[in-house]
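Note sheet for the following structure.
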Amino acid sequence: MVQIVFERYKLTNAFFQDASDISNEKGKKLLVIGDPCGGTYFQFVTKYFLDYGHGDVTIDLFGCEKCTRMDINDMEAWSTFEDDSFVVMETGTLSFSKDIRKVLTQIKRISGGEFLSAGSTHGFLWENFTHKTYDKNLNYTIYPFDFRKDFLHKSKSLHTKEFFEIEFMKL
């Protein structure tokens, strides 16, 4: 389990750095979904090994003082972001989506497709046991997604066990 946690941190850190670099190259702002100061299953790990930082805008429903407090399911809040104005990096917060296709559609709209998701809320233990002890509002397991090589965004409903493969660039 500890190995999985550190692999997630390694991927999240790499994606954050990549998203930051891409936003600088493209002259776009960086939007981070998920508070880097908290939210991990192992809070002590975040305290000592912060794996990513805040973006120009960081959204999280229960985020720190640097975050914009926003429910990712609030479509009206998404409408405040301009089309193709951000590079978006997500940290597994999509697990709280009520309708993952709607949220991904907004991410695609504001990012123009430049989207990285460390996901990492997948695997047998997480899907069947661990998520229940983390938060009862989780709805999906999220698989990592990298717009530079992935065509399909993959997730799985924690309730129905339905597996989704969504063609991200066609949203």
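Using the Cβ-Cβ distance between Arg101 and Glu65 with R0 set to 35 Å, the FRET efficiency from 1/(1 + (r/R0)^6) comes to roughly 0.65. Taking other C-beta atoms within 10 angstrom as a stand-in for reagent exposure, Ser111, Ser23 fall in the order Ser23, Ser111, fewest first. Counting charges near Gly34 (Lys, Arg +1; Asp, Glu -1) among other residues having Cβ under 9 Å from its Cβ returns a value of -3. Checking the cross-link pairs Lys10/Lys156; Lys29/Lys98; Lys98/Lys149; Lys29/Lys161 against a 31 Å limit on the alpha carbon distance flags Lys29/Lys161 as lying beyond it.
Counting every other Cβ atom within 10 Å of each residue's Cβ, Phe81, Phe96, Phe115 order from fewest to most as Phe81, Phe96, Phe115. Under 5 Å from the amide H of Thr68 lie the amide H atoms of Thr58, Ile59, Asp60, each residue being 5 or more positions distant or on a separate chain, with H modelled from the backbone and absent for Pro and chain starts. Couplings 3J(HN,Hα) for segment 16-28, derived from phi with the Karplus relation 6.51 cos²θ - 1.76 cosθ + 1.60 (θ = phi - 60°), are 4, 5, 4, 4, 4, 4, 5, 5, 5, 5, 8, x, 10 Hz, where x marks Gly and Pro.
Could you please report the charge total around Phe168, scoring K, R as +1 and D, E as -1 over all other residues with beta-carbon less than 13 angstrom from its beta-carbon? Around Phe168, the surrounding residues sum to +1. Using the Cβ of Asp146 as centre and a radius below 13 Å, the other residues enclosed give a net charge of -1, where K and R count +1 and D and E count -1. Computed extension length for Phe164-Ser79: 28.1 nm, one decimal, from 0.36 nm per residue of separation with the Cα-Cα distance subtracted.
Every number in this text was worked out from the coordinates using simple rules, so none of it is lab data. Quick caveat, the model's predicted, so the values are computed rather than measured. Virtual Cβ from ideal backbone geometry, glycine too; neighbours counted across all protein chains shown.
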